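Asks: I'd like to ask you about the structure that follows.
The values are calculated or read from the model by the stated rules, or taken from the named source; none is laboratory data. Since the structure is predicted, the reported quantities are computational estimates derived from the model, not experimental observations. Here the Cβ positions follow ideal geometry from the backbone for every residue, glycine too, while neighbour counts run over all protein chains shown.
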Amino acid sequence: MNRTSAPRAAVNVDIDGLYLYDRIHGHQGGSGNAADFDAKTHDPRVWTLGVPRFLDLFARVGAKATFFVVAQDLENPEVRAVLADLVAAGHEVGSHSFSHPYNLSRLPIAELAEELRKARAILQDATGQAVAGFRAPGYVLSDALAEAILAAGHSYDSSRFPCPAYQGAKAGIIQLYRLRGRPSGSIAEPPSVWLGPRKPYRWTLPSGKSLIELPIGTLPGLRWPFIATSVIAGGEALRLVTRPLLLSSDWLNFECHAIDLLDNAGDQLPARLLAQPDQRVPLKAKWPVLLRTLEDLAATHDVAPLASWAERV
């Protein structure tokens, strides 16, 4: 659908490597800096299996999406080949930083700036296109990071997730892992973020500059998360219950992760990844509920890549 009067929607995919889920769940510790990364030793299946499945899914509903890429992953030739496929299919590529450090927002300004500068340069070289968008690791922002996003040349950010249910659960899990002596690399957001704007806006920074922010999707009213993880976990029953809210919302930013279309058993993934709620659901159950959700969205909303919406804020 492409109607000027239709409500707005975007679909996007964070391509987070399996090594990043280990850091979330405290299996490797650390913040995820590039020093311990070797493309030859990291499992590329989120790219080689997950991304092609999303390309197929989007092709079926005629949707163009935004893929947020961790630039260091492109050291693997298999990854670069998949990136070429998604660019050829007409999808947007955004930056998810160079090495996806979960503490990116807290790094010294020089390190933070280098993460963004290096990532954007690599992605633009690999795609031959300007990289307009940025998404922060773990969605966590700060004024310094927002200033660096602009300084690196990005025109918009899509990291804010104003969802009390998600943010509260995240904070609780981080605390639980800490008590178990297996600290997560992830960082909790302050409550001020939980109830922030759920529609696109311009964020005025201390410098006086403004950054376009395209918040991740929540449904009107209760701000229930409208992301692939919640859709998969809730299944067809939740999809039907929440469908009226979806249809009534004039802004929906449906965020997915490439791992969402991996099958833990069928793709022979490590059992420890079952800590992810969506990995407890087989692909044969995930696929149809995601397809129906996207079909609903495409039938009622104007679905476009995030960069297209940023230009109209």
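Asks: Suppose the filter is farther than 17 Å from residue 67 by Cα, assigned to a strand (DSSP E or B) and at pLDDT 95 or above; does residue 202 pass it?
Replies: Numbers: farther than 17 Å from residue 67 by Cα: yes; assigned to a strand (DSSP E or B): yes; at pLDDT 95 or above: yes.
When the stated conditions are applied, residue 202 passes them.
Asks: Please determine, by comparing only the residues of region 158-204 that are exposed (fewer than 15 other Cβ atoms within 10 Å of the Cβ) and small (Gly, Ala, Ser), which one is farthest from residue 106 (Cα to Cα).
Replies: My answer is 165.
Asks: Oh, and also: Would you point out which residue out of 260, 250, 302 is surrounded by fewer than 16 Cβ atoms within 10 Å (Cβ to Cβ) and closer than 24 Å to residue 135 by Cβ?
Replies: Values: 260 fails: surrounded by fewer than 16 Cβ atoms within 10 Å (Cβ to Cβ); 302 fails: surrounded by fewer than 16 Cβ atoms within 10 Å (Cβ to Cβ).
Criteria check complete, one pass: 250.
Asks: Counting only residues that are in a helix (DSSP H, G or I) and modelled with pLDDT of 95 or more, how many does region 242-265 have? Lay out the reasoning, then the answer.
Replies: So the first thing to find is which residues in region 242-265 are in a helix (DSSP H, G or I), and the list is 242-248, 258-261.
Retained after the next criterion (residues that are modelled with pLDDT of 95 or more): 258-261.
The number of residues fulfilling the criteria is 4.
Asks: Would you confirm, using the coordinates I've provided, whether residue 116 is modelled with pLDDT of 95 or more, assigned to a loop (DSSP other than H, G, I, E, B) and either of a type outside the set (Lys, Arg) or within 21 Å of residue 83 (Cβ to Cβ) (or both)? If you could, list the steps in order and put the result at the bottom.
Replies: Details: modelled with pLDDT of 95 or more: yes; assigned to a loop (DSSP other than H, G, I, E, B): no; either of a type outside the set (Lys, Arg) or within 21 Å of residue 83 (Cβ to Cβ) (or both): yes.
Considered against the rule, which asks whether it is modelled with pLDDT of 95 or more, assigned to a loop (DSSP other than H, G, I, E, B) and either of a type outside the set (Lys, Arg) or within 21 Å of residue 83 (Cβ to Cβ) (or both), residue 116 comes out as no.
Asks: Got a number for residues in region 119-146 being assigned to a loop (DSSP other than H, G, I, E, B), in contact with a strand residue (DSSP E or B) (Cβ under 8 Å, 6 or more places away or on another chain) and farther than 30 Å from residue 174 by Cα?
Replies: Initially, region 119-146 is screened for residues assigned to a loop (DSSP other than H, G, I, E, B), giving 128-132, 135-136, 140-142.
Checking the rest, the ones that are also in contact with a strand residue (DSSP E or B) (Cβ under 8 Å, 6 or more places away or on another chain) come to 129, 131-132, 135-136, 141.
Next cut, farther than 30 Å from residue 174 by Cα only: 129, 131-132.
Matching residues across region 119-146 total 3.
Asks: Of all the residues that make up region 42-94, how many are on the phi > 0 side of the Ramachandran plot and crowded, with 18+ Cβ neighbours inside 10 Å?
Replies: Step one: filter region 42-94 for residues on the phi > 0 side of the Ramachandran plot, giving 62, 90.
From what is left, the residues that are crowded, with 18+ Cβ neighbours inside 10 Å are none.
Of the residues in that region, 0 qualify.
Asks: Here's another thing I want to ask about it. Cβ-Cβ under 9 Å, sequence separation 6+ or interchain: first residue in region 168-194 and under 21 Å from residue 141 (Cβ atoms), partner part of a loop (DSSP other than H, G, I, E, B) and among the aromatic types (Phe, Trp, Tyr). Which pairs?
Replies: Partner pairs satisfying both residue conditions: 184/102; 185/102; 186/102; 187/102; 189/161; 193/161; 194/161.
Asks: Within region 106-140, how many residues turn out to be surrounded by 16 or more Cβ atoms within 10 Å (Cβ to Cβ), over 26 Å from residue 313 (Cα atoms) and either in contact (Cβ under 8 Å) with a residue 40 or more places away in the chain or among the acidic types (Asp, Glu) (or both)?
Replies: Total satisfying the criteria: 4.
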